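Written out below as structure tokens is the structure these notes cover.
The values are calculated or read from the model by the stated rules, or taken from the named source; none is laboratory data. Being a predicted model, the structure only gives us computed values, none of them experimental. Virtual Cβ from ideal backbone geometry, glycine too; neighbours counted across all protein chains shown.
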Amino acid sequence: MVDYDVIIVGGGPAGSTAARRTSQAGLSVVLFDKARFPRYKPCAGGIHSGVNRLLDFDIKSILQRKISGATMFAPSGFRVDCIPEDRSVPGSIISREDFDHLLLKKAAEVGVEIREDTLIAKVREEESHAVVTTKEGEEVTGMYLVGADGINSIVAKSLDFYDGWRNDSAMIAIEVEAEVGSSTVREICGEPSGYNADLLLLYYGGLSHGYVWCFPKQSVLSLGACSIQDKGGELRPAYEKWYAAFKNEHDIEPQILSDTAARFPVKRAKNIVKGRTILVGDAAGLVDSFTGEGIPEAIESGILAASALSKAVKEANPRSLREYEKDCKREIISELKAMDFMANTFYKSRKNMETMCRFFRDDSHANFLIAAGIGGIITKRELKRKMLLRMAKKRPREAISLLL
Ligand SMILES: Cc1cc2nc3c(=O)[nH]c(=O)nc-3n(C[C@H](O)[C@H](O)[C@H](O)COP(=O)(O)OP(=O)(O)OC[C@H]3O[C@@H](n4cnc5c(N)ncnc54)[C@H](O)[C@@H]3O)c2cc1C
């Protein structure tokens, strides 16, 4: 006799979504998180319109700003505003304290037992069930286990899914929360047209594989930089150089509220299902390697995991978990692979970054495609296919030089 049908380790977007959906399907579920919510999570907080479609409840009350597009600054400094003409499906900015707390409360509301402040130190599988052990030594058993514990997943490591992320499979990031006041946020990030929405600012060229960002929160700017881990030494100097120029340009002296480092994976785990265990979200490596977006993927993987878990419990057959692998490949991994192509082409060299930014600036259809792709209005596969076709048609020589 086990304690629960499903044990979930981690209460970020992936874990709380998996928990809510499995509980809604009638399973008994416990979720452990080492933190007490609301908790800080280093994150720029950008979510595209697709997130609203994935969630089965309203998140309007916690949205901080409406986002109508992105502005890319090329290595040579010119600006490219990527704003879909149809602004009816905007993105948003959230704070992870509010967002993750709301998702966790929505899991509790449908009967999930939430155990905060409880670090899982070890996990193991027996023939007929899974066992997690808390730091205090308490053992809890479940028919199935979900590793939703982020990039440093103890679930993945304990069960030999992998033993860490190699230098070329993770990005390292700095995230700085800089208080400047709401009106200054609007002055810096607002649409130049005066339309009542803000833009995500992305700066390329300072890092050989990565970028600097400035995202608008309520009265705070999320400033940061990310770089592929094996070039992590570039990160702090590139950020500091950019920050000095940024303060100078906008004549501001922000109050720094936090300055933290964190990582996110940019390659998928080789296996995401093993025995009685499923990996979701960052633990499974489900992050867009071009943009660093991982919140929609975390939520979607939680939904797909819940469907396979419900089937496995109802049929008393762990092999049903394999459906998650298939669904994930079809719905999420194929999309992320399209963005791997974009990332590998774009970050290959500063010359490529410059060429692609120029193309996004000068070709209105390419500009629409990149805005719609980042905004979740078209799929990532569509973005890749249509962008390639467009470039081959309009700039065939440059298209070839990008790939060589
Ligand atoms: C600096 C930065 C900026 C980012 N900006 C964006 C952005 O703007 N938009 C976007 O879409 N994505 C962004 N991402 C990516 C996004 O944050 C992740 O993809 C997303 O958080 C993944 O969700 P998750 O639920 O898988 O994991 P997480 O959100 O990492 O949640 C994991 C949870 O597991 C808990 N946990 C870990 N270990 C244990 C343990 N042993 N026992 C119990 N609990 C445990 C943690 O406390 C945590 O609550 C950013 C990432 C970084 C690092």
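Residues of region 171-192 that are touching a residue at least 24 places away in the same chain (Cβ under 8 Å) and not in a strand (DSSP E or B): V180, G181, S182, T184, V185, R186, E187, I188, C189, E191, P192.
Of the listed requirements (1) in contact (Cβ under 8 Å) with a residue 60 or more places away in the chain; (2) of a type outside the set (D, E); (3) within 8 Å of the ligand (Cβ to nearest atom); (4) not assigned by TED's automatic domain parsing to the domain that holds H209, A121 misses just one: (1). Annotation note: of I333, I303, I299, I295, the sole residue that is more than 24 Å from S169 (Cα to Cα) and either away from the ligand (no atom under 11 Å from the Cβ) or touching a helix residue (DSSP H, G or I) at 6+ places or on another chain (Cβ under 6 Å) (or both) is I303. Is it fair to say S258 is of a type outside the set (K, R), within 22 Å of the chain's Cα centre (by Cα), surrounded by fewer than 20 Cβ atoms within 10 Å (Cβ to Cβ) and within 16 Å of the ligand (Cβ to nearest atom)? Against the criterion (of a type outside the set (K, R), within 22 Å of the chain's Cα centre (by Cα), surrounded by fewer than 20 Cβ atoms within 10 Å (Cβ to Cβ) and within 16 Å of the ligand (Cβ to nearest atom)), S258 qualifies. Considering each residue of region 169-183 in turn, none proves to be loosely packed, with under 15 Cβ neighbours inside 10 Å and either within 12 Å of the ligand (Cβ to nearest atom) or over 30 Å from C214 (Cα atoms) (or both). Candidates T355, T379, T345: the one that is within 27 Å of S169 (Cβ to Cβ) and over 23 Å from the mean Cα position of the chain (by Cα) is T355.
When restricted to residues that are out of contact with any helix residue (DSSP H, G or I) (no Cβ under 8 Å at 6 or more places or on another chain) and either of a type in the set (G, A, S) or not assigned by TED's automatic domain parsing to the domain that holds P192 (or both), region 75-86 contains 1. Within region 36-62, the set of residues being more than 13 Å from the ligand (Cβ to nearest atom), outside any helix (DSSP H, G or I) and under 17 Å from the mean Cα position of the chain (by Cα) comprises L55 only. Residues that are under 17 Å from the mean Cα position of the chain (by Cα) and within 17 Å of T71 (Cα to Cα) do occur in region 188-200, at least one of them. For region 269-295, filtering for residues that are closer than 13 Å to D160 by Cβ, among the small types (G, A, S) and outside any loop (DSSP other than H, G, I, E, B) leaves 0.
Evaluation of L31 against the conditions (1) outside any strand (DSSP E or B); (2) more than 19 Å from the chain's Cα centre (by Cα); (3) crowded, with 24+ Cβ neighbours inside 10 Å shows that the sole unmet condition is (1). With respect to (1) more than 24 Å from G77 (Cβ to Cβ); (2) more than 11 Å from the ligand (Cβ to nearest atom); (3) of a type in the set (A, V, I, L, M, F, W, C); (4) in contact with an Asp or Glu (Cβ under 9 Å, 6 or more places away or on another chain), the lone exception for V155 is condition (2).
Across region 98-117, the qualifying residues are those that are surrounded by fewer than 21 Cβ atoms within 10 Å (Cβ to Cβ) and within 11 Å of the ligand (Cβ to nearest atom), and the one among them that is nearest to F246 (Cα to Cα) is H101.
The C-beta contact set for region 225-236 (first residue within 11 Å of the ligand (Cβ to nearest atom), second residue in a helix (DSSP H, G or I), distance under 8 angstrom, 6+ apart or interchain) comprises A225/L235; A225/A238; A225/Y239; A225/W242; C226/L235. Of all the numbered requirements in (1) touching a helix residue (DSSP H, G or I) at 6+ places or on another chain (Cβ under 7 Å); (2) away from the ligand (no atom under 13 Å from the Cβ); (3) within 27 Å of S68 (Cα to Cα), T277 misses one, and that requirement is (3). I'd like to know if region 89-96 contains one or more residues that are assigned to a loop (DSSP other than H, G, I, E, B), within 21 Å of L145 (Cβ to Cβ) and modelled with pLDDT of 95 or more. Scanning region 89-96 turns up no residue that is assigned to a loop (DSSP other than H, G, I, E, B), within 21 Å of L145 (Cβ to Cβ) and modelled with pLDDT of 95 or more.
Checking each residue in region 15-40 for being in contact with a strand residue (DSSP E or B) (Cβ under 8 Å, 6 or more places away or on another chain) and of a type in the set (A, V, I, L, M, F, W, C) picks out A18, A19, L27, V29, V30, L31, F32.
For region 1-28, the candidate set comprises residues that are within 13 Å of the ligand (Cβ to nearest atom) and among the β-branched types (V, I, T); within that set, the residue that is surrounded by the most Cβ atoms within 10 Å (Cβ to Cβ) is I8.
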